Amino acid sequence: MPRQILTSVWVLESSVRFCGSNRQISVDKQKPRTGCGHYRWDLPDSAITPEAYYLRRREFLRVFGLGLAASALLPPRARAEPSALNDSLNPAFNLDGVKRTPEDLVTTYNNFYEWALAKDQPKELANRGWKTRPWSVEIGGLCANPRKLDIEELIRLVGPLERRNYRHRCVEAWSMVIPWDGFSFAKLVDLAQPRPEAKYVKFTSFFDPANCPAHRGKDFPWPYTEGLTLQEAMNELAFIAVGLYGKPLRNQNGAPLRLVVPWKYGFKSAKSLAKVEFVAEQPKTLWNELAPNEYGFYANVNPNVDHPRWSQKTERVIGAGFFSGKQPTFMFNGYEKQVAQLYAGMDLRKNF
Amino acid sequence: MIAFQMNSLIKVLANKLFALAVLVGVGIWLLVLPAFTGGLGANPLEKLLHQSGEIAIWTLGAVLSLSPLRVLFPRSQVVAALNRHRRAVGVSACVYGLLHFGFHVLYEGGLDGLARSLSKPFIWFGVAGLSILVALALTSNNWSIRKLGGKSWKLLHRLAYVAAALLLYHQSIAGKGHWYIARWLLLALFTLQVARLMKMLLGRSAYNRRATSSFRAVATPP
């Protein structure tokens, strides 16, 4: 995007904020909808997604560093709404001309099987006393600097956060466009310093049978696990999100930190990470273990390889409307330029 | 007093209008009202698709449990009252199934998408089961019973069990975790059928014993 347009967008967004019009969509209140599948959020972009949160880093730290004491100092309104992150858009990942999925849809439509099989339930069930702060992440395996870090410490160590608008394509053939806030996974690799024999990265989500009823059941081999080759994990697109639409991740979106690998189906982007390990062998991953014929280890978005039960050629865009139909799905979800070389010479039908 | 209440309850249960209100009401409650209250969520068509499928399979389950209940509780007036609505419940299962198919076509975004979806065995099971339901709904009238004759009509309508098997399979592979829902319906239907068959077999052997003993009584007079 040329510089002038970028600037004008910035000015527009800032003006929305500084005009004092607080038209931000609240997540807590379910927006009433009109009939026949038309949504009240069918509004111009500027009205539904004011997300200019260019606050200073210190304010962010005050809220999360000092916890309750700090939040007590804030006015009640700021306490009710999730606080803003000090991120800034990385222009390389702006997705020019693409409409972002409204925030209230991103936070109410979640495949988070630890909480529910239905996508509209995690927003409630994941917020019934499950605490995602304080939170510690273990970085370990075959690396020079194994360590256990608190989420705030990790955020401090990796430096300033950035925003990226990423396409998100679920294996169930629906898609969103989401502004994530976080840092590239390569920064975490730098921290850990993997040893030469490390070839894969294994991601393990939280395991908390006391607060998460599903974890007490035997229907799934919890905790949730996912994996990437080290090369994939080092790709510029591989991202750790700690925020969404300029606010810390909501529980239902995988708070406090999650993987985001936009050229792969959504299930690869493991939520609520507890452990990141560098390993020599291809790790076992939950969906691949449950149904290897349906969910491959690579799980790259590929319109030419169908799921056994449905076609992957097209996708339904969340928020596009009742009669919008489906749009074509792109190879590697439109990120062919960045990642195709990772799979040069590989049979993607076999290694789906 | 209790007897009076029981009687009026049975009268209500046996009422055709009541049955119609319940069968249509379920659809209004789960498919129409949510469209006005925001209950359809971020992917409204998907929600309608799933809800209509659920209604269809549970309605089919309801109609299939009516016969075993009648055999198991021959003297229950409640069961007898409910059995008056077999045709309405069965036809409703088909109507909700057709709605489900309609939502599927919409969800796939038209005929291209529909054609692509028809290449999947998952969809075949649904289409096969629904085709049976359509055939049974079309022959759910007195004229068809007369035309086919009671025996062959009954044989034809036993296909409902085949449809149930196909559609339960369709439901349980629809998504990971769907089996955990479908298994309860399967368990209920299976238990009812086994209980019905047990009762019929036991009843028949008791009948046979009686028959034999009376025959002996005749054959060897004291």
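A short reminder: the numbers here are calculations on the coordinates, not readings from a lab. All values derive from a computational prediction rather than experimental measurement. Note that each Cβ is placed from the backbone with ideal geometry, even for glycine, and that neighbours are counted across all protein chains shown.
Here are some notes:
- Taking segment B:111-215 and dividing mean pair separation by its residue count, relative contact order in percent (alpha carbons under 8 Å, at least six apart): 25
- Taking θ as phi - 60° and the Karplus parameters 6.51, -1.76 and 1.60, the scalar couplings of segment A:96-107 work out to 3, x, 9, 7, 6, 6, x, 4, 5, 7, 5, 9 Hz in sequence order, x denoting glycine and proline.
- Annotation: amide H-H contacts under 5 Å for A:Y224 (H modelled 1.01 Å from N, sequence separation of 5 or more, or interchain): A:S205.
- In terms of surrounding Cβ atoms within a 10 Å radius of their Cβ, A:I151, B:I173 rank from fewest to most as B:I173, A:I151.
- Ranked by the mean number of other Cβ atoms within 10 Å per residue, highest first, peptides B:132-142, A:163-173, B:11-21 order as A:163-173, B:132-142, B:11-21.
- Pair-distance distribution P(r) for segment B:2-219, from all Cα-Cα distances in 10 Å bins starting at 0: 7, 26, 32, 21, 9, 3, 1, 0 percent.
- Normalised contact order of chain B, rounded percent, pairs of Cα under 8 Å and 6 or more residues apart: 21
- The Kirkwood radius of segment A:99-343, taken over pairs of alpha-carbon atoms, gives through the Stokes-Einstein law at 20 °C and 1.002 mPa s a diffusion coefficient of 117 µm² s⁻¹.
- Centroid-to-centroid separation of segment A:230-307 and segment A:108-176 [C-alpha atoms, Å]: 10
- A compact globular protein would have a Cα radius of gyration near 2.2 N^0.38 Å; the ratio found for segment A:225-271 is 1.13.
- Ranked A:K264, B:K176, criterion: other C-beta atoms within 10 Å, fewest first: B:K176, A:K264
- The mean number of partner chain beta-carbon atoms within 10 angstrom of a residue's beta-carbon across peptide A:309-317 is 5.
- With kT/(6 pi eta Rh) evaluated at 4 °C and eta = 1.567 mPa s, and Rh the Kirkwood radius from Cα pairs, segment B:115-181 diffuses with a coefficient of 98 µm²/s according to Stokes-Einstein.
- Per principal axis, descending, Cα span of segment A:171-224 in whole Å: 38, 32, 21
- Space enclosed by the convex hull of the alpha-carbon atoms of segment B:48-107, per residue, Å³: 59
- Computed helical MRE - 222 nm, chain B, DSSP H runs ≥ 4 contributing -39500 (n - 2.57), nearest 500: -27500 deg cm²/dmol
- Note that segment B:68-180 carries a Kirkwood radius of 16.0 Å, evaluated over its alpha carbons pair by pair.
- Backbone geometry of segment A:120-125 corresponds, through the Karplus equation with coefficients 6.51, -1.76 and 1.60 at θ = phi - 60°, to 3J(HN,Hα) couplings of 9, 9, x, 4, 9, 5 Hz, x marking Gly and Pro.
- Rounded to the nearest angstrom and listed largest first, the equivalent-ellipsoid semi-axes of segment A:242-317 from its Cα gyration tensor are 24, 19, 10.
- In a simple Cβ point-charge model (Lys, Arg +1; Asp, Glu -1; nothing else charged), segment B:2-219 has a dipole of about 1420 debye relative to its Cα centre.
- For peptide A:109-116, the mean count of partner chain Cβ atoms within 10 Å of a residue's Cβ comes to 1.
- Taken as Cα centroids, segment B:115-151 and segment B:1-68 sit 22 Å apart, rounded to the nearest whole angstrom.
- Average beta-carbon neighbours from other chains, 10 Å sphere, peptide B:168-181: 2
- Over segment B:82-147, all Cα pairs binned in 10 Å intervals from 0 give whole-percent P(r) values of 20, 42, 25, 13, 1, listed from short to long.
- Positive-end residue of B:L66, B:I10, B:W29, charge dipole of segment B:1-113 with Cβ unit charges: B:I10
- On full extension, the segment bounded by A:Q327 and A:E197 gains 42.6 nm, given 0.36 nm per residue less the C-alpha separation.
- Taking segment A:112-245 and dividing mean pair separation by its residue count, relative contact order in percent (alpha carbons under 8 Å, at least six apart): 25
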